[in-house]
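A short worksheet on the structure shown next.
The values are calculated or read from the model by the stated rules, or taken from the named source; none is laboratory data. Given the structure is predicted, the values throughout are model-derived calculations rather than measurements. Don't worry about glycine lacking a Cβ; one is built from the backbone with ideal geometry, like all the others, and counts go over all protein chains shown.
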Amino acid sequence: MRLFAAIDLPTEITASLTKVVPADDRMRLVPAAQWHVTLAFYGEVDEPRADKLREVLERAALRSRPFRLRLAGAGTFPKQAAKARVLWIGLDGEVEELRRLADRCAGAGRRSRIAMEDRAFRAHLTLGRSRREPVDASHLLAALSSYSSQWWNVTTMRLVRSHLGSEVRHETLDEYELGAESGKSDNVE
């Protein structure tokens, strides 16, 4: 099964953001119902490793304290807006806590013997992807440049199964509460 760990946006933040995300025929926008901040992508995982991952993710969540975020700033991958393949909105606030949680989620994958990409975590929410070739997304960035959402408290994270097909579907396998052991240990490796 194809798995990832993520945090979600509150309903009111999603509603606010949908009002400002511009449409563009050259960009395939991610449906608002699928918006999430990916903490770690695990790819295809067999059942025994998934069971171990669930156990280790629960411990990672317990060691992580709740934190505050808001959406702010926008950008593209690659950085040159004229050659964009991905349009994203950034995160502001306790981003270092978000990064720690993402590191713990990646560590949970490694401890579950899942081959993890060795890539630095970039705090963002993907809004759209180019349909074929790179897109000049300068006008999209301009439309999003002044947007910032309300603040929200991140208190949970999810383990999600992604079902690919003509329509991508996300299924929550587990939801984990943050913070029960947050003062005990920062070591997850």
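Scanning region 110-134 for residues that are touching a Lys or Arg at 6+ places or on another chain (Cβ under 9 Å) and either in a helix (DSSP H, G or I) or of a type in the set (S, T, N, Q) (or both) yields 111, 112, 130.
Out of all the residues in region 163-170, is one or more at positive phi, exposed (fewer than 12 other Cβ atoms within 10 Å of the Cβ) and out of contact with any Leu (no Cβ under 8 Å at 6 or more places or on another chain)? So far as region 163-170 goes, yes, one or more of its residues are at positive phi, exposed (fewer than 12 other Cβ atoms within 10 Å of the Cβ) and out of contact with any Leu (no Cβ under 8 Å at 6 or more places or on another chain). In summary, strands (runs of 3 or more DSSP E) completely within region 1-67 and bearing 2 or more residues that are modelled with pLDDT of 95 or more and among the aliphatic types (A, V, I, L, M) occur at 2-8, 36-44. In this structure, does residue 91 turn out to be part of a strand (DSSP E or B) and buried (at least 19 other Cβ atoms within 10 Å of the Cβ)? So residue 91 passes the test. Residues in region 139-162 that are at pLDDT 95 or above and small (Gly, Ala, Ser) were compared, and the one that is surrounded by the most Cβ atoms within 10 Å (Cβ to Cβ) is 149.
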